[in-house]
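The values are calculated or read from the model by the stated rules, or taken from the named source; none is laboratory data. It should be emphasised that the depicted structure is a prediction, and the values quoted were computed from it without experimental measurement. Every residue, glycine among them, receives a Cβ derived from its backbone with ideal geometry; neighbour counts consider all protein chains shown.
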Amino acid sequence: MCSIMGDILGDLNKRRGKVLGMEAIEGKQVISAEVPMAEITKYATDLRSMTQGRGTFTLAFERYDEVPASATVKIIEDAKKRATEEE
Amino acid sequence: MMATIQAENIRNIALIGHSGEGKTTLAEAILFNTKAIDRQGRVDDGNSTMDYTQEEITKKISISLAMANCSYKGTKINLIDVPGDFDFAGELVQAMAPVDSALIVTSASGSMTVGTEKAIDYCITNKIPAMIFVSGLDKENADFNGTTNAIVDKYPTKVTPLFIPVIKGGFEGFVNVVDGKYYNVGDEDNGLDIPSVLTSQVEEDRAKVLESAAESDDALMEKFFEEGDLSQEEIELGIKKGIANCTTIPVYGGSAALNKGITNLLNKLVANMPSPADRDVIAKDTKGQDVVIKCDSDGPVVLRVFKTMVDPFVGRLSYIKLLSGTLKSGIILKNATKDSEEKISSIYFVKGKKQEATDSISAGDMGALAKLNTPTTGDVLSEGRELVMEPIQMPAPVLSMAVYASKKGEEDKIFAGLSRLKDEDISFAVVKNPETNEMLISGVGENHLDILCKKLKNKFGVDAVLKEPRIAYKETIKGKAQAEGKHKKQSGGAGQFGVAVIVFEPGAADGMYEFCDEVVGGAVPRQFIPAVDKGLKEAVKKGMLAGYPMINIKCHLIDGKSHPVDSKEIAFVSAAKLAYEEAVPKAHPILLEPIYVLNHGRYSRRP
């Protein structure tokens, strides 16, 4: 069980997530985190394979935040590529 | 088909558990055993009663809940076969709304599957009386003990095996731990002496059963303490109480595919599972006051729609449970949720894809109504009163994909198809994202969305393609910058001239866009100030980094120039845009991305 928690937290970290809190409720670990949308479009699928289907989650929009410089270049490239495709 | 039946003689049971562990096969065996069907179909052959849709036959898994009924020893059993795949969790919550108990089906793989664990958790959390059936005991390497031990390890106080299989080559017979008799498969009503090799195991198991039975009732506990034993009748009573209170979950077993152990299971379902008469249902009136609905055939009619199906022949079919009264055609019922009335015409009992017409349905029973005008899943229809119930809590759609038509121009067909599919499946949502202009379909998982696309193809002949959704990035500036935008066209013909000097900085009053006119001395004539505002409003629709909308920008128009003849609105609109384009790259522009709060959670509560 602990290793699964470690996997989930490590995975959230890779997704640029910020863990807000962890709590054990009725024997289940409940994690709360802030994650950029761009990193969790397929989270439903990934969490299921990490937890064999045990994990469930909800998502709610929170706010807009600055994209880190490392991710900016790709977003700009993609947008330009799409703009030329659409023309 | 018998229509009037006492609620005490009805069992409404959902078959739940991990995907592919034999729920549909068990339902088939039960229906065959009770002569509700003439031949036992197979999921693999695509001819089972419960998996009848095109998508289910192709994929060999259940996708929608399916209902069927049968009679056994004077008791009517309504079965709901629930898909085990987690993507169809919406079907699970709909199925659990009407039933009075659950039969958790697992294979004999030697371990506890996640689906079994989730099913047990669901029943415990929501206080749904449950039994476990370990199927596939005839398979090679079938491991009944390994499977039950794994489950008991996790739920030691609740899960109680009452069944010891005898497997020699095949599944031959079993011991009923409660009565201490051995039964041959195929002759499951006829108790024999237990084989001597099993005596000690039966003793051991019986001791655990005694404790479990005693714990469910104070009087039994007292007697157990005094005498150290209970009679068979007392154990049966204790187990029945334990099941009803959801403190005992007994385990039985068999082989659904080979129709072994099914009679024994049916005997236990009839004897020990609660009937609809054992539970009052609480509804609310329009003032929000609780109304207790007693399961009484002579009471006023109250029914609840728990699932809507679209039948190719009958059209929309509303699956219902009659909570009270006796439903006959011609009656007019109120739907408080939709503020409408329904005249009931066709009433059916359901057996997979088939409907059997009936004159009436009595309290506690389940059936289907054709062609209701408005009711949708979860609504209550009531005679004379307006009643509502807590809505059926569907799982939140957590996976969104952009849906496109593979043939251009068929987007409308897709949208129309999806809205028809929403009749049957209320666990997905379709919305247009105004920011990215994409049509988004949100569901429980990848399989769920895939199946929706297959249904679009099969039912409406339209090909949909799913793509990763675009992210609605935005842009803003972190610094301050000033620029002069000069629009000048004075080479022949009517001229255009306008100059705007604008300072841009972060921090709009509404968080989006703010314009301040700080021009002094009429450098920009009054009548052209709105043109600058208009030009900026158009400009901020696209940021300078990647063309995403610019937000939280404050624009100060501080100076400008005009020409008595050539200054026109269009010149200042254009000048404003030029100032924006020049200043923003100098004002430390950044990209913004949407941040979501992700909460890992638990199963939703009972609807």
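Values as computed for the structure displayed
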| read-out | value |
| --- | --- |
| Breaking point among (1) in contact (Cβ under 8 Å) with a residue 40 or more places away in the chain; (2) within 40 Å of the chain's Cα centre (by Cα), for residue B:237 | (1) |
| Members of the stretch A:52-87 that are of a type in the set (Val, Ile, Thr) and within 8 Å of another protein chain (Cβ to nearest Cβ) | A:56, A:58, A:67, A:72, A:75, A:76 |
| Looking only at the stretch B:239-262, and only at residues there that are in contact with a Phe, Trp or Tyr (Cβ under 9 Å, 6 or more places away or on another chain) and not aliphatic (A, V, I, L, M), the one that is farthest from residue B:157 (Cα to Cα) | B:259 |
| Selection from the stretch B:440-454 of residues that are without any contact (Cβ under 8 Å) to a residue 60 or more places away in the chain and either β-branched (Val, Ile, Thr) or part of a helix (DSSP H, G or I) (or both) | B:441, B:449, B:450, B:452, B:453 |
| Residues satisfying the stated conditions in the stretch A:17-47, i.e. closer than 17 Å to residue B:115 by Cα, facing another protein chain (nearest Cβ under 7 Å) and modelled with pLDDT of 90 or more | A:44, A:45 |
| Residue match in the stretch B:425-445 (condition: away from chain A (no Cβ under 14 Å) and more than 27 Å from residue B:547 (Cβ to Cβ)) | yes |
| Count of the stretch B:106-147 residues which are of a type outside the set (D, E, K, R) and in a helix (DSSP H, G or I) | 13 |
| Among (1) without any contact (Cβ under 8 Å) to a residue 60 or more places away in the chain; (2) among the polar types (S, T, N, Q); (3) under 27 Å from residue B:82 (Cα atoms) - the single one residue B:345 does not satisfy | (3) |
| All positions within the stretch B:366-388 that are part of a loop (DSSP other than H, G, I, E, B) and touching a Pro at 6+ places or on another chain (Cβ under 8 Å) | B:378, B:383, B:384, B:385 |
| Residue within the stretch B:390-413 that is within 14 Å of another protein chain (Cβ to nearest Cβ) and acidic (Asp, Glu) present | no |
| Tally of residues being more than 14 Å from every other protein chain (Cβ to nearest Cβ), crowded, with 17+ Cβ neighbours inside 10 Å and in a strand (DSSP E or B) across the stretch B:455-483 | 4 |
| Selection from the stretch A:1-14 of residues that are surrounded by 17 or more Cβ atoms within 10 Å (Cβ to Cβ) and in contact (Cβ under 8 Å) with a residue 24 or more places away in the chain | A:8 |
| Selection count where residues are in a strand (DSSP E or B) and of a type outside the set (A, V, I, L, M), scope the stretch B:484-509 | 12 |
| Residue pairs meeting the criteria (Cβ under 9 Å; at least 6 apart or on separate chains; first charged (D, E, K, R), in the stretch B:149-163; second part of a loop (DSSP other than H, G, I, E, B)) | B:153/B:112; B:154/B:112; B:158/B:246; B:158/B:247; B:158/B:248 |
| Qualifying residue in the stretch B:557-569 (condition: more than 14 Å from chain A (Cβ to nearest Cβ) and in contact with a Leu (Cβ under 9 Å, 6 or more places away or on another chain)) | yes |
